[in-house]
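See structure below.
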Amino acid sequence: GHPSERLKNMVLLAFGQKKMFDRPFVGAMHLLIYGGFLIVNIEVLEIVLDGILGTHRLFSPLLGAAYPYLLHFFELVALGVVFACVVFW
């Protein structure tokens, strides 16, 4: 029973430090850093694959017109990660 409660628990545990989300500001910054880490790894994967395969912007055809907007969004997330790290520091 209670699938919505189980899903909420699973999401909080999957992102780690469940108690951190008791304080929304700290939890949001933690989530920003975690998401930024994942996004940076996806960008690095594209760079490595471009180097191995001799391509340029390998994921661009897959994402179409959304690709440039996603790149700009990734840069904003990176700035958010820097901000969150400075605040945590």
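Looking only at the range 34-56, count how many residues are more than 25 Å from Val11 (Cβ to Cβ) and in contact with a Phe, Trp or Tyr (Cβ under 7 Å, 6 or more places away or on another chain). Talk me through it step by step, then tell me what you get.
Applying the first criterion (more than 25 Å from Val11 (Cβ to Cβ)) to the range 34-56 yields 44, 46-56.
Pick out the ones that are also in contact with a Phe, Trp or Tyr (Cβ under 7 Å, 6 or more places away or on another chain) and you get 46.
Final tally of qualifying residues: 1.
Quick test of your reading of the structure: Phe83 fulfils all but one of (1) at pLDDT 90 or above; (2) open to solvent by less than 70 Å² (accessible area, probe 1.4 Å); (3) not charged (D, E, K, R). Name the failing condition by number.
(2)
Inside the range 12-36, can you point out the residues that are surrounded by 11 or more Cβ atoms within 10 Å (Cβ to Cβ), assigned to a helix (DSSP H, G or I) and at pLDDT below 80?
Correct list: Leu12, Lys18, Met20, Phe21.
Based on this model, can you work out whether Glu75 counts as at pLDDT 90 or above, loosely packed, with under 13 Cβ neighbours inside 10 Å and of a type in the set (Asp, Glu)?
Working: at pLDDT 90 or above: no; loosely packed, with under 13 Cβ neighbours inside 10 Å: yes; of a type in the set (Asp, Glu): yes.
For Glu75, the condition - at pLDDT 90 or above, loosely packed, with under 13 Cβ neighbours inside 10 Å and of a type in the set (Asp, Glu) - is not met.
So which of Leu7, Leu53 ends up being at pLDDT below 90 and surrounded by fewer than 12 Cβ atoms within 10 Å (Cβ to Cβ)?
One residue alone meets the criteria, Leu7.
Can you tell me which residue in the range 37-46 is modelled with the lowest pLDDT, limited to those that are surrounded by 11 or more Cβ atoms within 10 Å (Cβ to Cβ) and farther than 22 Å from Val86 by Cβ?
Among them, the one singled out is Ile42.
The values are calculated or read from the model by the stated rules, or taken from the named source; none is laboratory data. Just so we're clear, the structure is a prediction, and the values are computed from it rather than from any experiment. Cβ: placed from backbone, ideal geometry, glycine included. Neighbour counts: every protein chain shown. For accessibility, only protein heavy atoms count, side chains too; no ligands or nucleic acids. Shrake-Rupley method; radii C 1.70, N 1.55, O 1.52, S 1.80 Å.
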